[in-house]
Amino acid sequence: MLGLLAAVAGLAACGSSSSSGSSSPSTRTTYYVSVGDSLAVGVQPDASGKSLATNQGYADDLYNSVRSSRPGLRLVKLGCSGETTETMTRGGICHYPEGSQLGAATAFLRAHKGSVAFLTIDMGANDVDNCVPGGTVDVGCVLNGFSRIQAQLPGILQQLRTAGGPQPRIVGMNLYDPFLALDLNGPSGQSLGNLSLSFAAQLNGAFASIYRAAGDQMADVAGAFATNDTTPTSLAGHGTVPTNVARICQWTWMCAAKPVGPNIHANATGYLMMAGAFRPLV
C-alpha cells in the first residue's frame, strides 16, 4: 500500500492530462496505447447524470505520470465506452475504420512495431455489469458473462501480442466492485453486496489466470480500492461502514445523489488510484 500511495503522490503532481506529447527532433517517438471500455475512456457523469468521456481517466493520469521520464512518449487512446469482450473483437459500438477496436489496436501495433512502449487494457466489466438490474443479481447473467470473458479475452491478448511483437509491455487490470454500495441499503442491500463481492472475487481470479497465462501483468485495481477489506471505518453521512464500501463511495459516483449517481464509474480520485496501480508495472 505504501508503494501505491507513493505512486499516486507522483501522479497527483503531474497536472492535467494530454493525448499527445511533443518531442525534439533528436528524440525518438514512442507510444502508450490504451484500449478498453469506458474506464479506459475516463468516463464520468456530468451534473445531469449523463456519462461523458473526460481527460481525467486512468490512461490520462498514467501518461502524465511517466511522460517526464520518457521524452517522446505519446498517448493513443482507442477505448470505447460500453465495449464488451465480444464487441471489442467484432465491433458494433464505436466506429473504427478497421471495423473494431481490436482491429484498430492491432493495426496500430503492426504499423508502429518496435515503437510501442506499453499497452494497457481493461476489458470484461460490461460483460457482467448489466447483471444487477434493479438492485438484484441475475446469477445466470453473471455466469454467462464469465464464460464470455474466459472465451474471448485470451484471444484478444494473443492478437495484441502477435501484432505488437515481444517488445510492448501489456498490462491488464482486475476490477473494483461498484455494487458494494448496495451495502448502504440495509440488510437486503448488505446481502446483495456480499453476493456481488463473491462474484467479484471469482471474476478477478479469472482475470489473474488469463493475464498470467498470456504472460502479461495485471494491475491490482481491486486491491487499490480495498475491495476485500471489511474493516469498519467512518464514512461521512453514513457513520461506520466497511472500508471497501467507503472506498466505493469516495472513489466512484455510486453514492452520489441523483441525478449524478448512482454511477459505476470512478471519479477523478478513483481514476488516479487506478493509475497508481498500473504505474509500477509500465
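The figures follow:
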| item | result |
| --- | --- |
| Filtered residue count, the stretch 208-217, keeping only those that are buried (at least 22 other Cβ atoms within 10 Å of the Cβ) and farther than 13 Å from Ile170 by Cβ | 0 |
| Members of the stretch 148-165 found to be more than 19 Å from the chain's Cα centre (by Cα) and open to solvent by less than 30 Å² (accessible area, probe 1.4 Å), listed by number | Ala163, Gly164, Gly165 |
| Pairs where the first residue, in the stretch 148-176, is in contact (Cβ under 8 Å) with a residue 60 or more places away in the chain and of a type in the set (A, V, I, L, M, F, W, C) and the second is open to solvent by 10 Å² or more (accessible area, probe 1.4 Å) and assigned to a helix (DSSP H, G or I), C-beta under 6 Å, 6+ apart | Leu153/Ile210; Val171/Leu281 |
| Residue within the stretch 166-176 that is part of a helix (DSSP H, G or I), under 23 Å from Ala117 (Cα atoms) and open to solvent by 10 Å² or more (accessible area, probe 1.4 Å) present | no |
| Filtered residues of the stretch 129-144 (kept if in a helix (DSSP H, G or I), touching a residue at least 40 places away in the same chain (Cβ under 8 Å), on the phi < 0 side of the Ramachandran plot and not acidic (Asp, Glu)) | Val142 |
| Candidate set: the stretch 218-232, residues that are crowded, with 17+ Cβ neighbours inside 10 Å and over 14 Å from the mean Cα position of the chain (by Cα); chosen: the one nearest to Ala125 (Cα to Cα) | Thr227 |
| Scope the stretch 233-254; condition over 16 Å from Leu197 (Cα atoms), touching a Cys at 6+ places or on another chain (Cβ under 9 Å) and open to solvent by less than 50 Å² (accessible area, probe 1.4 Å); matching residues | Leu235 |
| Test: Leu182 is touching a residue at least 40 places away in the same chain (Cβ under 8 Å), within 22 Å of the chain's Cα centre (by Cα), assigned to a helix (DSSP H, G or I) and farther than 23 Å from Ser38 by Cβ | no |
| Any hit, the stretch 154-168, residues being in contact with a Gly (Cβ under 8 Å, 6 or more places away or on another chain), at pLDDT 95 or above, closer than 20 Å to Thr89 by Cα and not charged (D, E, K, R) | yes |
| Residue count for the stretch 121-135, restricted to those that are surrounded by fewer than 20 Cβ atoms within 10 Å (Cβ to Cβ) and in contact with a Ser or Thr (Cβ under 9 Å, 6 or more places away or on another chain) | 1 |
| Test result for Tyr31, open to solvent by less than 60 Å² (accessible area, probe 1.4 Å), out of contact with any Gly (no Cβ under 8 Å at 6 or more places or on another chain) and either within 16 Å of Phe278 (Cα to Cα) or modelled with pLDDT of 95 or more (or both) | yes |
| Within the stretch 23-120, helices (runs of 4 or more DSSP H) holding 1 or more residues that are over 30 Å from Lys258 (Cβ atoms) | 58-66, 85-90, 101-111 |
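The values are calculated or read from the model by the stated rules, or taken from the named source; none is laboratory data. All values derive from a computational prediction rather than experimental measurement. Don't worry about glycine lacking a Cβ; one is built from the backbone with ideal geometry, like all the others, and counts go over all protein chains shown. These accessible areas exclude ligands, DNA and RNA; they are computed on the full protein's heavy atoms, side chains included. Shrake-Rupley method; radii C 1.70, N 1.55, O 1.52, S 1.80 Å.
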